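Some notes on the structure that comes next.
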Amino acid sequence: MMKSIIEYKDYREYVLEYYRERKRTSAFTWREFAKIAGFASGSYLKLVCDGKTRLRLEGAKKTAHAMGLQGFEYDYFILMVRYESAKTDKEKKMCYEEMEALSSAHNVKILGSEFFTFYETWKHSVVRELAVAMPGAKPHEIAKACRLPISAAEVSNSLRFLVNSGFLTVDIKGDYHQTNHSLSTGRLKVVSVAVHSLLRQMGEFALDALDKLPISERFFSGITMSMTSESYEKVIEELVECRKRIVSIVSADKGVEKVCRLNMQLFPLTENLNSGKSTTGKGE
């Protein structure tokens, strides 16, 4: 038996599982599936599930009808398609929130929704660190320790969310503990929208730190360089490994003096020149 549609976040996964379930109990084929949905190509829905093409809105409606979806299930499937096709973070957020509202109305939690809320603002990640680093501290004391603007009420709300969502636990003395020392979004695609929001906020804070903090309290460095696709991928791999090594260093140090933020960015400054040439970058 298939899971409820509101336990899915990827419409391709749902369509594929629907096909497999029909195939398991009958001689159902991709061609028959496409014919029922009204597609001219008998392999179209297979190509969709293989990630080689995608459903447009009209195609999504026909596919939903072919799978017998009605009511909120039909609406949820369309939202999954709209989410994947959305061109802006604002559109994606709106679709995701509608998906979450439907799932909540039918008592199903979308896996990863707590991560979405966590990464939507810088406040949760900073409060999560400070709550553990300042045992016994009151919300107003945690708020005062932040360089960034946050009220005691916002700290209280964040602590409540962090505990209810399992990011923090509280012992009998009232001290907070992290359930995991480090967090990762993993393969949760819906989280990417919230992570974009967090990265923008942290980028703005970095610019502020560049102007307001003395050099002794910050480190900024950058390189402008020519790259090929191959070297780009190798640099990405190196940055991923570097990030892992940094997490290991910090995790091994049990002391806490301050909460810091490390940003890593690599992005193109030009269009693809297709020259196949690469030159050595020089530090700035």
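Listed values, structure above:
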| quantity | calculated |
| --- | --- |
| Degrees between helix 11-25 axis and first principal axis of the chain (Cα, 0 to 90, nearest 10) | 40 |
| GNM result for the chain, Cα springs below 10 Å: residue of 247, 163, 132 fluctuating most strongly | 247 |
| Whole-Hz couplings from phi, Karplus 6.51/-1.76/1.60, listed for segment 75-83; x for Gly and Pro | 4, 5, 4, 4, 5, 4, 5, 5, 4 |
| Potential extension, residue 52-residue 254 segment - 0.36 nm per residue separation minus Cα distance | 68.0 nm |
| Probe 1.4 Å - accessible area at residue 202, Å² to nearest ten | 10 |
| Angle between the chain longest axis and helix 122-133 axis [Cα atoms, degrees, rounded to 10] | 50 |
| Sequence-distant lysines (8 or more away, or on other chains) whose Cα lies within less than 26 Å of residue 35 | 3, 9, 23, 46, 52, 61, 62 |
| Percent RCO, i.e. relative contact order, over the chain, from Cα pairs under 8 Å lying at least 6 residues apart | 14 |
| Max mean-square fluctuation residue, GNM over the chain, Cα-Cα springs under 10 Å, options 176, 74, 232 | 232 |
| Percent carbon-and-sulfur accessible area, segment 17-152, ignoring ligands, DNA and RNA, probe 1.4 Å | 53 |
| Per residue solvent-accessible surface (Å²) - segment 24-107, probe of 1.4 Å | 57 |
| Angle between the chain longest axis and helix 191-212 axis [Cα atoms, degrees, rounded to 10] | 20 |
| Within the chain, helix-based [θ] at 222 nm, where runs of 4 or more DSSP H residues each add -39,500 (n - 2.57), nearest 500 | -17500 deg cm²/dmol |
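The values are calculated or read from the model by the stated rules, or taken from the named source; none is laboratory data. Because the structure is a prediction, the values reported are computed rather than measured. When the accessible area is computed, the model is the full protein with side chains, heavy atoms only, and any ligands, DNA or RNA have been set aside. Shrake-Rupley method; radii C 1.70, N 1.55, O 1.52, S 1.80 Å.
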